[in-house]
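As structure tokens, the structure follows; a few thoughts come after it.
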Amino acid sequence: MIARCKKLSAALILFLAMALTSCSEKFDYDKGASMTGGNPQAGMEKIILHDCHSCHVIPGIPINRDSRGPALKHWASHTMIAKKWPNTPENLEDFIEHPERMLHGTGLKSEMTMSNVKPGDAKDIAAYLFSIE
Ligand code: HEC
């Protein structure tokens, strides 16, 4: 009974957290889709699938564990990616697919260890990120 209660309150906390984040954030899916040619809705699922939210606080995605990476709030108005590349759809997709390659030779060391993000997935993820106003 106690275990059931704990599960219920965990679900409630998650729901409240989602309700709170969705209040303070705005999304423009049309903009994200037209900038990248990707699908922001699918991108949201792929962000969860690739566990991006285990390191990043991402608006509209429930917070998962700690956050080692920078928060990706208001992504559409960011000018740079990792303080190094202009924040264009092409560069963002490239970065998501190959964070190691992008940082190679720059003297920076990427802590992003995820792999296997396919081009189609990166496009949808970029579409979602560019929807975050
Ligand atoms: C293991 C932790 C980790 C995971 C998992 C991770 N990231 Fe990152 N990410 C980082 C760190 C740390 C940085 C800071 C720059 C660097 O080291 O590459 C970063 C930087 C970024 C940036 C640039 C942020 C800025 O302010 O310019 C974006 C965009 C990004 N990550 C997207 C993603 C996406 C999308 C995924 C999932 C496919 C992902 N990350 C998964 C740790 C992570």
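In this structure, the amide hydrogen of residue 81, modeled 1.01 Å from its nitrogen in the peptide plane, lies closer than 5 angstrom to those of 87, counting only residues at least 5 positions away or on a different chain. Taking amide H atoms as placed 1.01 Å from N in the peptide plane, the amide H of residue 132 lies under 5 Å from those of 28, 75, 76, each 5 or more residues away in sequence or on another chain. The solvent-accessible area of residue 34, taken with every protein chain present and a 1.4 Å probe, is close to 100 Å².
The values are calculated or read from the model by the stated rules, or taken from the named source; none is laboratory data. In this text the structure is predicted, and so the values were computed from the model without any measurement. The area values use the complete protein model at the heavy-atom level, side chains included, leaving out ligands, DNA and RNA. Shrake-Rupley method; radii C 1.70, N 1.55, O 1.52, S 1.80 Å.
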